[in-house]
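The values are calculated or read from the model by the stated rules, or taken from the named source; none is laboratory data. Since we're looking at a predicted model, the values are computed, not measured. Reconstructed Cβ throughout: ideal geometry from the backbone, glycine too, with neighbour counts over all protein chains shown.
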Amino acid sequence: MSNCSRELCSFLRKRGGIAVEISPYIAYNDELTKSLLELGYKELGEYVQPKWVSVLDLTSFTNEEELLLSFRQSHRRSIRKALKTYGVFLKELSLAELPIFYELVKKSSVKHGFSLQPLTYYEEMFRSFGENIKFIVSYYDDIPLAGAMFVLYGDEIVYLYGGSDPKNGKYCGSFAIHWHMLKFALENNYKYYNFYGVKPFPGDGVYEFKLGFRAGTREMMGTFILPIGLKGKLYKSRLKYKKYGNVF
């Protein structure tokens, strides 16, 4: 462990800290990984932040027709089905309407078994990001179909959370939402549309859904932990058993 790491650990130990966790939001870099390991950090791979993200580069498209034609044929068909066959419409939610989005995410969490943030989390995100966050919900005959939360960050739009009602999948509500936001990104000169985390394995449903929009896959740095003392080591050892990550 370097002097820098020792000083950091000493500073945090005096204040009751047991570990430092970092998730650099940059593409995977061998040299940086090596440097962090030399400083005493342990690599968690995918932990809280995704190790792999799905990103569509918009810089080569000049209009929405070009963008639409670039999608997988089945995705184009689903978008047309939602908008033309079923007349699905979209609404951007206000703070008071966030329970609608929350209920959709809750239904997806039950189906797919992922952990659910409380409603207060989304409300705080709404207040904190202001005009740089959007909660979009798709509807069929006033029935909520799917919802998604987007953050406008620098030169990209990031899709962070989403959910849908499994009973209404035939209306293709999620396709309508992403097409709406992709057009918004193109019209407002965003360079990238970040679908965020994926498991890049053929056959994985989420991965295939995002791949159908022709998004590329990027390997990110992932999460690293610097344990402090015995409690930190015990804390790190417990992370081995988390289903979303491994300690290397």
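Could you grab me the full set of residues in segment 175-208 that are among the hydroxyl-bearing types (S, T, Y) and crowded, with 22+ Cβ neighbours inside 10 Å?
Across segment 175-208, the qualifying residue is only Y193.
So, in segment 116-158, exactly how many residues are more than 18 Å from I100 (Cα to Cα) and not hydrophobic (A, V, I, L, M, F, W, C)?
Within segment 116-158, residues that are more than 18 Å from I100 (Cα to Cα) and not hydrophobic (A, V, I, L, M, F, W, C) number 8.
Looking at the structure I just gave you, is L98 under 17 Å from S138 (Cβ atoms), in a strand (DSSP E or B) and out of contact with any Gly (no Cβ under 8 Å at 6 or more places or on another chain)?
Considered against the rule, which asks whether it is under 17 Å from S138 (Cβ atoms), in a strand (DSSP E or B) and out of contact with any Gly (no Cβ under 8 Å at 6 or more places or on another chain), L98 comes out as no.
Name, by its number, the condition in (1) more than 14 Å from the chain's Cα centre (by Cα); (2) surrounded by fewer than 17 Cβ atoms within 10 Å (Cβ to Cβ); (3) hydroxyl-bearing (S, T, Y); (4) at pLDDT 85 or above that does not hold for T217.
Result: T217 passes all but (1).
Tell me, which helices (runs of 4 or more DSSP H) lie completely within segment 1-83 with 2 or more residues that are modelled with pLDDT under 95 and not small (G, A, S)?
Of the helices (runs of 4 or more DSSP H) lying wholly inside segment 1-83, those with at least 2 residues that are modelled with pLDDT under 95 and not small (G, A, S) span 3-13, 30-38.
Specify which of the listed residues (L39, L8, L90, L12) is over 26 Å from P202 (Cβ atoms) and in contact with a His (Cβ under 7 Å, 6 or more places away or on another chain).
L90
Please go through segment 151-187 and give me each residue that is in contact with a Phe, Trp or Tyr (Cβ under 7 Å, 6 or more places away or on another chain), closer than 14 Å to V105 by Cα and of a type in the set (F, W, Y), ordered by number.
Within segment 151-187, Y159 is the sole residue that qualifies.
Residues S164, S109, S115: which one is in the same structural domain as Y196 (by TED's automatic domain parsing), under 22 Å from V206 (Cα atoms) and in contact (Cβ under 8 Å) with a residue 60 or more places away in the chain?
Details: S109 fails: in contact (Cβ under 8 Å) with a residue 60 or more places away in the chain; S115 fails: in contact (Cβ under 8 Å) with a residue 60 or more places away in the chain.
Matching residue, one of S164, S109, S115: S164.
Name the single residue, out of those in segment 30-76 being polar (S, T, N, Q) and surrounded by 14 or more Cβ atoms within 10 Å (Cβ to Cβ), that is farthest from Q117 (Cα to Cα).
Among residues in segment 30-76 that are polar (S, T, N, Q) and surrounded by 14 or more Cβ atoms within 10 Å (Cβ to Cβ), the one farthest from Q117 (Cα to Cα) is S70.
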